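The values are calculated or read from the model by the stated rules, or taken from the named source; none is laboratory data. In this text the structure is predicted, and so the values were computed from the model without any measurement. When we count neighbours, we look across all protein chains shown, and the Cβ atoms used for this are built from the backbone with ideal geometry, even at glycine. Heavy atoms of the whole protein, side chains included, go into the accessibility calculation; ligands, DNA and RNA do not. Shrake-Rupley method; radii C 1.70, N 1.55, O 1.52, S 1.80 Å.
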Amino acid sequence: MAAGATTAQSVEVAAALDQETGDEFDLYDQDLRLLLSGRVVEISDLTSSDIMADRASHLLALSSELSVSRLEWRQASEQTTFDDALELSETQEDIFGMVDAVRAELGSEQFELRARDSAMTEWDVAFPYSELAQSRLETAVEPHLGQIEKVAIDDSQVSRLSVVVPDGVDVVSRLRGIIERIDSADARPWEFDWALGSDPTGAIDPSTRGSVNVGGCEYNEDPDRQMTSAAQTTQDQLRRIYDTCS
């Protein structure tokens, strides 16, 4: 787009693509990349539907509000098992403010939001995601934001939480404290995994990692994986408390 191009002009380009692609393009993927001053908005459509103009307007609004240089939307076809996805390139200082902004633009739709916060935590959030569930999660994770590697949300509930915590004689009680803040009486089984270390963004010894299926009994583990004795002991204790295998 020319320097100084407006959102309306960008949407006109997207609308022109919608208009020009007829039935003869039904077997083809459609891609649009809008290059604006300091911003890139990409849309990949695997459905052959006319989504470009509508999607572009929302993504342009988000890129401006969140001050991100690149957003990518991937519209999945009905023949795939993948969800529609929105991916943000920049890390977000206010991860929950970012989720609020995405909800305001696209919150009634079904898609997966992928982003990182300033601590390099990966966030995979399946929308629709309720404000009530978000508020509860904010309270639960706030004391541990610097320790979290990954958060996955599905159907407004945590489906996976990964943390890195320092080793110590009280590591089991500290991990239990994190689980108890996240878990709720009506929660479906969810995955909690951890590693022993000082920095979630640094190198982690895989032998210090462990996991527990809180409220369930589903594990897909490598039988040859090596664990330290401390990690194995911690895992055994947490599984006796939280999983349902025994």
Quick one: helix 7-20 against the long Cα principal axis of the chain, what's the angle to the nearest 10°, folded into 0 to 90? 80 degrees
Can you give the calculated 222 nm mean residue ellipticity of the chain, where each DSSP H run of n ≥ 4 adds -39,500 (n - 2.57) and the sum is split over every residue, rounded to the nearest 500 deg cm²/dmol? -10000 deg cm²/dmol
Round to the nearest 0.05 the FRET efficiency obtained for SER37 and MET120 when R0 = 25 Å and r is the Cβ-Cβ distance. 0.35
With 10 Å bins from 0: P(r) over the chain, alpha-carbon pairs, percent: 7, 27, 28, 20, 13, 5, 0
Report the percentage of all Cα-Cα pairs in the stretch 81-186 whose separation exceeds 20 Å, rounded to a whole percent. 38 percent
Tally up the carbon and sulfur contribution to the accessible surface of the chain as a whole percent, 1.4 Å probe, everything protein left in place. 47 percent
Using θ = phi - 60° and the Karplus curve 6.51 cos²θ - 1.76 cosθ + 1.60, what whole-Hz ³J(HN,Hα) does each residue of the stretch 228-243 get, with Gly and Pro shown as x? 5, 5, 5, 5, 5, 5, 4, 4, 4, 5, 5, 5, 5, 7, 10, 8
Just to confirm the number: angle between the C-alpha axis of helix 95-106 and the first principal axis of the chain, 0 to 90 degrees, nearest 10? 40 degrees
Select from GLY97, GLY197, GLY107 the residue whose mean-square fluctuation is largest in a Gaussian network model of the chain (Cα-Cα springs shorter than 10 Å). GLY97
Quick check: convex hull of the Cα atoms in the stretch 8-147, volume per residue, rounded to a whole Å³? 108 Å³
As I understand it, the value is the acute angle between the Cα axis of helix 171-182 and the longest principal axis of the Cα atoms of the chain; what does it come to in degrees, rounded to 10? 40 degrees
Hey, can you find the accessible area per residue of the chain for me, probe 1.4 Å, expressed in square angstrom? 53 Å²
